[in-house]
Amino acid sequence: MALRRDTSPFVVRLRDIPPEGWRQVLDLSDEWSARALSEELLEWIPGQLRVEISLHKAGREVIAHGRLTGGVETGCSRCTAPTRQAVSAPFDLTFVPAEEQQEQHPASEREHELQEGEAESIGYVDEQIDLEPTLREQLILALPYAPLCREECKGLCARCGSDLNEGPCSCPPEASEPEVKPDRWAALRDIKL
């Protein structure tokens, strides 16, 4: 899935980051975003997507601040109607040399929970940062778990599949079983004194 070209806009060499920082706006509204979303369970159709990102060097670490914005389309999780979902996801990351990252977080600790204010740490190799996997991850994290066409969506009838947003379906009401109240004293009646 990785986009690999010598002139990839996703690869930034550390020597190309000036002292005042590196800033870029990348348009993600192309086949890259379609590929990035292709492995997800829901079918997502990317709309206009872009990321504003800045990189600042702090010794061998590179601090990244960014915001992913735009929109995607998918089916409503209740009624399956097409729905457009806005994406607006800020992120803060720290890129460190891969060998330092392994020293800081051995394999047994890699799945640690981030504390408030702590930026995620990502390893880089060969004095260059590949933003592509990071941007894909940020895009996926920005997607809603259960997208809705609207908050008050009634969904589909579980029996006939009719869209309940268009009105009630023709299914007969379910016969409710009479409520059986538990006998709290039943266990005591069996006790022999």
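The values are calculated or read from the model by the stated rules, or taken from the named source; none is laboratory data. Nothing here was measured: the structure is a model prediction, and the numbers come from that model. Cβ placement follows ideal geometry from the backbone for every residue including glycine, while neighbour counts extend to all protein chains displayed.
Summary of computed values
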read-out	value
Out of 70, 47, 21, sole residue that is small (Gly, Ala, Ser) and under 18 Å from residue 137 (Cβ atoms)	70
Enumeration of residues in segment 153-173 that are part of a loop (DSSP other than H, G, I, E, B) and either touching a helix residue (DSSP H, G or I) at 6+ places or on another chain (Cβ under 8 Å) or modelled with pLDDT of 95 or more (or both)	153, 154, 155, 157
Residue 31 being charged (D, E, K, R) and under 17 Å from residue 133 (Cβ atoms)	yes
